[in-house]
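The structure under discussion appears below in the form of structure tokens.
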Amino acid sequence: MKTMLKYMRAAHWRLFALTALFMFIQTWLDLKLPDYMSDITELVQTGKATTGALLHLGAYMLLCAVGTTLMAITSNYTSARMAASFSRDLRSSIFHKVQTFSKEEIDRFSTASLITRSTNDVVQIQNFVSRGLRMLVRVPIIVGLALVKISTRYWQWTAVTGLTVLLVLSVIVILIKYAHPRFRRMQRLTDEVNRTMQENMTGMRVIRAYNAEEYQMNAFETANFNLMDNERKARSVMLLMPSTNQFANNALTVAIYCIGAYPIMKAGSPGEQLLIFTDMVVFSTYASKMLMGVSSLEMIFNMLPRASTSAERIAEILNTDSTIVGGGYRGTEADADRKGGSIEFRNVSFSYPGTAATALKDVSFRADSGETIGIIGSTASGKTSLVSLIPRLYDATEGEVLVDGKNVRDYDTDVLRSKLSYVTQGAVLFTGTVASNVSYGKKTGFSAGASDAGGTGTASAAGPASGTDAAEDPEKTRRIWNAIDIAQAREFVEKMGGKLKGVVNRGGSNISGGQKQRLAIARGVYRDPEIYIFDDAFSALDYKTDRTLREALKDNFEGATVLIVASRIATIRNADRIIVLDGGSIVGEGSHEELMKNCNVYREIAYTQLSEEELK
Ligand SMILES: Nc1ncnc2c1ncn2[C@@H]1O[C@H](COP(=O)(O)OP(=O)(O)OP(=O)(O)O)[C@@H](O)[C@H]1O
Ligand SMILES: [Mg+2]
């Protein structure tokens, strides 16, 4: 909760102060009513109760009631406004923070949990800030003002009121003790519901194809039931609260009246009796208002566990710093017109965070500027792990990864990544258009800060979803088409309604796997980098397209350094050098012919893929 307070801006505190002020006035007006009641009784008793005087006091009471309502509305408004604006700020802080996270942190929190935290958890805080804080302000005001008013000659009244308050408080504490852990579990169970829901959506095709609806339904039902069951248990015990309050309130009134009956009976004159009676009515009104105030604490305690759990969960995100922090190196003058960057791995070992197994063991190799290096190996041999160290999606556990002779950790991450086009295994597309997907991202030059090395800068600034970018700038349109041509994607883009403005759905769900891959390649080409990294990017292409595409790329590379990860020998056969990975280690390096002669692992892969004739 304390961390959350840090995120309250001055504007939020101002609204909070206004809320407190309005609530003070509201409570004050509210507590004024019994005073007028007592005045009226006094008028009646002293025989001065003319119609005019009564109407006069009645009008005041009416004004108080109207004022109370007005203040209640205004304080509701200011607190709701504060809560809404606070939660917007909180969501955007979370989003900014998550943007800085490396794969490691995302893996650690899990996507489902990050989503719950930035939605559901924020709502918990918002509820607490809008309603809970109001209560928290209101209760001391009510109790304080009521205490001032009910100083009385009968200490027994005060004692019985104090006792009842204590009783109500202890019931609250006992119930909360029971409910607290259950409210805490609630958020974790909500994560679980979201996770199954998310999996259900992303895996829809497989679920349908394998008739696994029932299995999924059961998984969801279990998570859903657990959440319901937990919530039921937590809430059902809290249901005892209103009846306890009601009972305590009634019992208190009865007790006050019983205590009052004695002095009233003993009083000498009817006038004195009436005086004590008036006192008693006023006292019991104040006492019950105070008791109501105290018991409304229950609502706070009800919300507090959930809100504080949510606050902890959000604070966990906000207090986590990415393990990948960029250095200050922004390159040199010479980098500006360099065509290809060199890559070097020096005794690199790597384990995924939180795992003991090593994904890469003592890997050393060099790719000089302008070279094309093929990387091949069986499934899980560490190919993706190897290339993901270059843009620093992860950091090497041991050893060094160097780009242009400089450790990647020393680079400003924007500058480092601007040197690269990384086409990932499994193409990723974003909601938007063909153009916004191809011209995606920004390039940062070596020295000039966010200089825009290829006219690409604004594409990302405008957001991939804007979709209006390409048409206005003919040069940009030409470059996008050029990239699309090279990626062999022209044919299907021309067929799409809107062509460059053709709509791409979330994750590219409206185009085929091979088409997605081609657009992802086009995105890499458009970036015009010093280093290309293709991680199994040609796997969904047929052999012919694979070859045409590689030839087109070759013409376009113009001295760029290229790493091609492939599972097909044909894809990398003509590379300058081929690196063979097996179980995370390099077991062979050389040309196709050399490896055929002296690398068993390579030969095995070759025999399973190429025909006798091709092998010769
Ligand atoms: N995010 C991760 N967390 C933990 N372990 C991982 C993670 N990603 C991969 N691994 C493990 O690291 C090892 C190497 O995986 P990697 O993805 O590099 O293989 P690959 O050669 O790219 O395989 P493929 O050809 O199937 O793409 C595997 O044993 C894998 O289980
Ligand atoms: Mg891989």
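Bear in mind these aren't lab numbers, they're just calculated from the coordinates by the rules spelled out. In this text, all values refer to a predicted model and were calculated from it rather than measured experimentally. Here the Cβ positions follow ideal geometry from the backbone for every residue, glycine too, while neighbour counts run over all protein chains shown.
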**Report entry** Cα gyration tensor shape of the stretch 183-277, rounded if a/c is under 1.5, else prolate or oblate by comparing a/b with b/c
**Finding:** prolate
Query raised in the report: Once phi is turned into ³J(HN,Hα) by the Karplus curve 6.51 cos²θ - 1.76 cosθ + 1.60 with θ = phi - 60°, what whole-Hz value does each residue of the stretch 175-181 show in order, with x for glycine and proline?
Result: 5, 5, 4, 6, 7, 3, x
Report task. Could you name the aspartates and glutamates whose alpha carbon sits less than 13 Å from that of LYS443, not counting residues in the same chain fewer than 8 places away? Result -> ASP412, ASP414, ASP452, ASP528, GLU530
Report summary line: Note, the stretch 509-517: 3J(HN,Hα) by Karplus (6.51, -1.76, 1.60, θ = phi - 60°), whole Hz, Gly/Pro = x, goes 6, 9, 10, 6, x, x, 5, 4, 4
Requested in this report: Return the long-range amide H neighbours of SER591 (sequence gap of 5 or more, or a different chain), with a cut-off of under 5 Å between placed amide H atoms.
Outcome: ILE578
Query raised in the report: How much length is gained on full extension from SER110 to GLU231, taking 0.36 nm per residue of separation minus their Cα-Cα distance?
Result: 41.2 nm
Query - Of LYS97/LYS177; LYS2/LYS406; LYS97/LYS516; LYS406/LYS499; LYS266/LYS289, those spanning more than 32 Å from alpha-carbon to alpha-carbon - result: LYS97/LYS177; LYS2/LYS406; LYS406/LYS499
Query - Per-residue ³J(HN,Hα) for the stretch 264-274, Karplus 6.51 cos²θ - 1.76 cosθ + 1.60, θ = phi - 60°, Hz, x for Gly and Pro - result: 5, 5, 6, 4, x, 10, x, x, 5, 4, 4
Report task. Can you tell me the relative contact order of the chain? Whole percent, Cα pairs under 8 Å, sequence separation 6 or more. Result -> 14
Query raised in the report: Extension gain LYS597-CYS258, at 0.36 nm per residue separation less the Cα-Cα distance, in nm?
Result: 111.4 nm
Query raised in the report: Helix-derived [θ] at 222 nm for the chain: sum -39500 (n - 2.57) over DSSP H runs of at least 4, divide by residue count, nearest 500?
Result: -20500 deg cm²/dmol
Report summary line: log10 I(q)/I(0) for the chain, Debye formula on C-alpha points only (no solvent), q = 0.11, 0.12 Å⁻¹, two decimals, reads -1.12, -1.26
Report task. State, to one decimal in nm, how far the label point of VAL587 lies from the label point of LEU63, with both points 7 Å from Cα in the Cβ direction. Result -> 9.4
Query - Low-density loop positions, chymotrypsin sites (Phe, Trp or Tyr not before Pro), the stretch 201-255 - DSSP coil, at most 16 other Cβ in 10 Å - result: TYR210
Report summary line: DSSP beta bridges in the chain: the antiparallel percent, rounded to 5, is 50
Report summary line: Simple spin-label estimate for LYS103/MET299, 7 Å along Cα→Cβ, in nm, reads 4.9
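Quick one: length gained pulling LEU167 to GLU221 fully straight, 0.36 nm per residue minus the C-alpha distance?
15.4 nm
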Query raised in the report: How would you classify the stretch 377-451 from its alpha-carbon gyration tensor, with a ≥ b ≥ c the square roots of the eigenvalues: rounded for a/c under 1.5, else prolate if a/b is greater than b/c, otherwise oblate?
Result: oblate
Query raised in the report: In the stretch 166-195, which residues have a backbone nitrogen under 20 Å from the label point lying 7 Å from ALA251's Cα in the Cα-to-Cβ direction?
Result: 166-178
